[in-house]
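Report on one structure; see the data block that follows.
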Amino acid sequence: MRALAILWVFGFLLSEADSWGFQNGVFHNSIWLEQAAGVYHRESRKGRYQLTYKEAKAVCKFEGGKMATHDQLEAARQIGFHMCSAGWFDNGRVGYPIVKAGANCGFGKIGIVDYGYRINKSERWDVFCFNPDTKQCGGVLTDQQRQIQSPGYPEEYEDEQICYWHIRVRYGQRIRLHFLDFDLEDDTSCLADYLEVYDSYDDVTGFAGRFCGDYLPDDIISSGNVMTLKFLSDASVSAGGFQMQYIAFNT
């Protein structure tokens, strides 16, 4: 019988067969599948790339977590966490996780795009936090069918929320997003509170629409097996929020 390689992963002694696996079209680490979802991205409520290193640490600490390590960020990437926005992570490093290489993100590479240790801690980036027990909105979703709702739904959502949901289903499948309830602050320009949908791994390419008010959007069908949702609320006026479901289907 072939000898199994032995790996030391985050304090666990694991065989190669037990540690990494390819299940339901998703390559992931079985031990860290749930904990990796505790890695999440935060940007300043003022917008992208506004946090110094000190401010970034404070954001994670305020939410009960800490800055993600390189290994935690990579574990999350292995189950589909893709973010085309550079952020601080442990010990003053900056980078971002890439699942699928693209022309506008990752320099054509897959993995952790690492800018290295930053000497100037006053540089402004986003941040990657880690908290396996967090109830933060958003996350990496790999189920075949799932409901998604705004924070606190059916109660009104809070001000100053930023949430990302990255949906990734099996290769060869597509995603149907169906809205069940929708009520965000009504703003003719959709600049206050809004939900954005992207037909891609990130919120850079594949823009499919920005929605606000109480009009129930039509179904949205992805062109591939991934979709990204971004919900943002500003510092005033909230509403009932939203509820939707996605369903994966074979093409």
Looking across segment 153-187 at residues that are among the aromatic types (Phe, Trp, Tyr) and assigned to a strand (DSSP E or B), the single one that is nearest to Gly213 (Cα to Cα) is Phe182
Kindly provide the set of residues from segment 197-225 that are modelled with pLDDT under 90 and crowded, with 21+ Cβ neighbours inside 10 Å, ordered by number. Ser200, Tyr201, Asp202
Residue that is under 18 Å from Asn104 (Cβ atoms) and part of a loop (DSSP other than H, G, I, E, B), where the choices are Asp234, Asp202: Asp202
So which strands (runs of 3 or more DSSP E) are wholly in segment 48-132 and hold at least 3 residues that are closer than 26 Å to Asn225 by Cα and not hydrophobic (A, V, I, L, M, F, W, C)? 93-98
Quick check, is Ser189 surrounded by fewer than 18 Cβ atoms within 10 Å (Cβ to Cβ), more than 30 Å from Tyr96 (Cα to Cα), out of contact with any strand residue (DSSP E or B) (no Cβ under 9 Å at 6 or more places or on another chain) and not basic (Lys, Arg)? yes
Exactly one condition in (1) closer than 26 Å to Gly80 by Cα; (2) surrounded by fewer than 19 Cβ atoms within 10 Å (Cβ to Cβ); (3) not small (Gly, Ala, Ser) is false for His166; which is it? (2)
Could you identify the single residue in Ala58, Ala75, Ala86 that is free of Cβ contacts under 8 Å to residues at least 24 places away in the same chain and not assigned by TED's automatic domain parsing to the domain that holds Ser200? Ala58
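The values are calculated or read from the model by the stated rules, or taken from the named source; none is laboratory data. If you're wondering where the values come from, they're calculated on a predicted model, not measured in any experiment. Because the Cβ atoms are built from the backbone with ideal geometry, glycine has one as well, and the counts that use them run over all protein chains shown.
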